[in-house]
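Accompanying notes for the structure given below.
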Amino acid sequence: AQSVSQHNHHVILSEAASLELGCNYSYGGTVNLFWYVQYPGQHLQLLLKYFSGDPLVKGIKGFEAEFIKSKFSFNLRKPSVQWSDTAEYFCAVTVYNNNDMRFGAGTRLTVKP
Amino acid sequence: ETGVTQTPRHLVMGMTNKKSLKCEQHLGHNAMYWYKQSAKKPLELMFVYNFKEQTENNSVPSRFSPECPNSSHLFLHLHTLQPEDSALYLCASSQLSTNTEAFFGQGTRLTVV
């Protein structure tokens with residue numbers, strides 16, 4: 001089965017700093033890629049997703065991610081974070097035509113006001 | 001509100017108890033999932049149901065027993081759990097297709113004492 005690695009366990013930034021969270025997956029075939037966010041006490045919400053087409057995907061709240069197939073990566077970025085972005089971020093992958101969704105361990109983001 | 005409702009939100013049970021977690025989705029989806037979320041670990045996919053049929057059991061101990069009576073409802077029956085089973089149990093649903101994302105409930109926080 002496919003697997004997902006998120007290298008940053010906990011990231012601490014000041015407001016207005018730029019963010020990049022790493023995500024790598026292991027699977028040689030066609031994949032669908034996702035970033036989910038979990039705000040404290042809330043459910044997992046979809047930030048953005050990649051299925052095909054333009055590898056630079058824009059999501060909600062100013063987030064974007066870039067799929068680099070050669071690197072098996074799908075890193076999440078935001079040019080300027082806000083205190084309200086404090087949350088846990090999860091990268092996930094499904095194999096094409098299969099709904100078995102696998103998640104990374106998550107990255108906790110703390111944004112200091 | 002995600003369209004996926006889990007009850008109860010919190011559950012404390014003894015190791016000899018029998019309890020059940022309930023999940024209901026109002027999105028018309030045909031696939032439902034149970035995940036286990038433990039601190040500092042990837043979300044663990046436990047069970048997958050497609051069209052009410054179990055298609056995945058990720059080596060989950062038999063003390064966890066899923067039930068899917070219809071496409072909208074999913075249960076997780078718990079019996080003789082261990083303290084290490086304490087975690088957040090998440091239910092999700094999706095529509096089976098090539099481009100699918102999962103929608104999550106808020107989870108049941110389970111504590112085994």
> Among the residues of the stretch B:45-63, is any without any contact (Cβ under 8 Å) to a residue 12 or more places away in the chain, surrounded by fewer than 20 Cβ atoms within 10 Å (Cβ to Cβ) and either within 10 Å of chain A (Cβ to nearest Cβ) or closer than 24 Å to A:LEU46 by Cα (or both)?
Replying inline: yes
> Within the stretch A:70-84, can you find the residues that are touching a residue at least 60 places away in the same chain (Cβ under 8 Å) and either within 14 Å of chain B (Cβ to nearest Cβ) or open to solvent by 40 Å² or more (accessible area, probe 1.4 Å) (or both)?
Replying inline: A:PRO79, A:SER80, A:GLN82, A:TRP83
> If only one of A:ALA17, A:ALA87 is open to solvent by less than 60 Å² (accessible area, probe 1.4 Å), farther than 19 Å from A:GLY106 by Cβ and touching a residue at least 24 places away in the same chain (Cβ under 8 Å), which one is it?
Replying inline: A:ALA17
> Restricting to the stretch A:90-113, what's the tally of residues that are in a loop (DSSP other than H, G, I, E, B) and either surrounded by fewer than 21 Cβ atoms within 10 Å (Cβ to Cβ) or at the interface with another protein chain (Cβ under 7 Å from one of its Cβ atoms) (or both)?
Replying inline: 9
>> Given (1) in contact with an Asp or Glu (Cβ under 7 Å, 6 or more places away or on another chain); (2) within 14 Å of chain A (Cβ to nearest Cβ); (3) under 28 Å from A:HIS9 (Cα atoms), identify the lone condition not met by B:SER93.
In response: (1)
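The values are calculated or read from the model by the stated rules, or taken from the named source; none is laboratory data. Quick caveat: nothing in here was measured; it's all calculated off a predicted structure. With ideal geometry, Cβ positions are generated from the backbone for all residues, glycine too; neighbour counts draw on all protein chains shown. Accessible surface areas use protein heavy atoms only, side chains included; no ligands, DNA or RNA. Shrake-Rupley method; radii C 1.70, N 1.55, O 1.52, S 1.80 Å.
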